[in-house]
Amino acid sequence: MKNLIIIYLLIFSFTSASSQFRTNYPDIPRIDVHTHIGTDLTGIANCLELRKILLDSSAIDLAIWINLGGGNDPIENTAYVLAASKGRMLCAIADYAAHDGLKYRPEALEGFQKQGFVGYKIWSGPWYRKLEKKEDGKPYIDDPAHEATFSEMERIGFLAASIHIADPNGPWEERTDWLADPIEYWAEINAWRNVLEKHPKLIAVAAHGNWMLCQDAQIDYLRNLLATFPNLHIDLAATFQYYHLVNRDNLRSFMIEWSDRILFGTDIGQWKDKGESSLRAEQYTRAFRILETGDTVKGGFFGGPEIRGLELPIDVLEKIYYKNAMRLYPQVKESLLTLGHIVK
Ligand SMILES: [Zn+2]
């Protein structure tokens, strides 16, 4: 019984703390540039319901999602998703098996761009090689077979949307989804650096902070990457639960210094049960509180240990939440204006 009371108190304190949160920035629209909602109509409708929950409970204006497909559920028709989402979901074409050769021919990219796809999501992480015993590690992102695609993306200005390069590497050994081998990790990162060197006009948003937000020394390297390659950007998807691993002041000053190059994202997937929408709203609320407040937040978007919020200045939040996305992704500004959002 005593345990039950403790559990009840824990749940109560958790939900009440979150549900009482009201943002100080109700006028800033937020764009989630990294989502895997896919094309299922129920999943898309649930996003609109989630938006309403956040607006009603916390005055948070979650305005637009960039839909990168649902993994094995690539998007073939962006107009259908745009209509189902009432103009709030823009789509990228996606390829989650770059190791088999890129799925779309370079000549096809301009057609996708004209159809309204906002970019090309490429997944080039390392874990599949282990799964498929491709231990010899071919190909990396700088495989010569990818050259023509990146050249075409440069030529037509087609964004590398949430391109996934490596998995995180660090000292947190109990994590089985981390890339434990630092040699392999840096081989992935160096391959990406080769691509950026060869394709200086490629506009890229690297997923998950380029997986360089989990160690302070990696954040330093990320500063160097961003300084060297002015068309490189990062999204924050799935990084929030690791912020306790780095020095808060270092992470905060990094975000302020590079705020023109950082975009909000979550990595949220599809959920079909309507009852889950309020849980998803809690996840979003935690991520926004980490960026906006100095509160101690009970975990990141995907849970994890307590994290003290970064309390970023309003001009930094505006850039991370929507201004950078508005600059980089086609149709975002027009969509925000059409939907009645006030943007500067
Ligand atoms: Zn993702």
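The values are calculated or read from the model by the stated rules, or taken from the named source; none is laboratory data. Model, not experiment: these values are computed from the prediction. For neighbour counting, all protein chains shown are included, and Cβ atoms are generated from backbone atoms with ideal geometry for every residue, glycine included. Remember, those area values only see protein heavy atoms, side chains included, never the ligands or the DNA or RNA. Shrake-Rupley method; radii C 1.70, N 1.55, O 1.52, S 1.80 Å.
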Any chance segment 156-165 includes a residue that's part of a loop (DSSP other than H, G, I, E, B), within 15 Å of the ligand (Cβ to nearest atom) and free of Cβ contacts under 8 Å to residues at least 60 places away in the same chain?
-> yes
If you check G87, G119, which single one turns out to be closer than 24 Å to K344 by Cα, under 15 Å from the mean Cα position of the chain (by Cα) and among the small types (G, A, S)?
-> G119
Starting from residues that are acidic (D, E) and at pLDDT 90 or above, keep the ones in segment 108-142 and report whichever is least open to solvent (accessible area, probe 1.4 Å).
-> D142
Output the residues belonging to segment 232-250 that are free of Cβ contacts under 8 Å to residues at least 60 places away in the same chain and surrounded by fewer than 18 Cβ atoms within 10 Å (Cβ to Cβ).
-> N247, D249, N250
List every residue pair whose Cβ atoms lie under 9 Å apart, where the two residues are 6 or more positions apart in sequence or sit on different chains, the first residue falls within segment 21-40 and is within 16 Å of L236 (Cβ to Cβ) and hydroxyl-bearing (S, T, Y), and the second residue, located anywhere, is part of a loop (DSSP other than H, G, I, E, B) and more than 15 Å from the ligand (Cβ to nearest atom).
-> none
What are the residue pairs meeting all of these: first residue in segment 79-107, first residue open to solvent by 40 Å² or more (accessible area, probe 1.4 Å), second residue hydrophobic (A, V, I, L, M, F, W, C), Cβ atoms under 8 Å, and 6 or more apart or on different chains?
-> L82/M89; L82/L90; L82/C91; K86/L48; Y96/W123; K103/A97
Of all residues in segment 208-223 being in contact (Cβ under 8 Å) with a residue 24 or more places away in the chain and outside any helix (DSSP H, G or I), which is surrounded by the most Cβ atoms within 10 Å (Cβ to Cβ)?
-> L213
Only listed residue being more than 13 Å from the chain's Cα centre (by Cα) and within 27 Å of G157 (Cα to Cα), chosen from L263, L279, L251, L222 = L222
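For I268, indicate whether it is within 30 Å of I156 (Cβ to Cβ) and under 20 Å from the mean Cα position of the chain (by Cα). Break it down into steps so the answer makes sense when it comes.
Details: within 30 Å of I156 (Cβ to Cβ): yes; under 20 Å from the mean Cα position of the chain (by Cα): yes.
Here the answer is yes, as I268 does meet what is asked.
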From D260, D235, D273, residue being in contact with a strand residue (DSSP E or B) (Cβ under 7 Å, 6 or more places away or on another chain) and among the charged types (D, E, K, R) = D235
Set L41, L55: member being open to solvent by 50 Å² or more (accessible area, probe 1.4 Å) and modelled with pLDDT of 95 or more = L55
Got a number for residues in segment 69-90 being within 16 Å of the ligand (Cβ to nearest atom) and at pLDDT 95 or above?
-> 2
Would you be able to tell me the number of residues in segment 197-207 that are open to solvent by 10 Å² or more (accessible area, probe 1.4 Å) and either within 16 Å of the ligand (Cβ to nearest atom) or part of a helix (DSSP H, G or I) (or both)?
-> 2
Restrict the check to segment 295-310 and report whether at least one residue is closer than 17 Å to I28 by Cα and surrounded by 21 or more Cβ atoms within 10 Å (Cβ to Cβ).
-> no
In this structure, is E184 in a helix (DSSP H, G or I), open to solvent by 10 Å² or more (accessible area, probe 1.4 Å) and at pLDDT 95 or above?
-> no
List the number of the failed condition for I60; all other conditions in (1) among the aliphatic types (A, V, I, L, M); (2) open to solvent by 30 Å² or more (accessible area, probe 1.4 Å); (3) at pLDDT 95 or above hold.
-> (2)
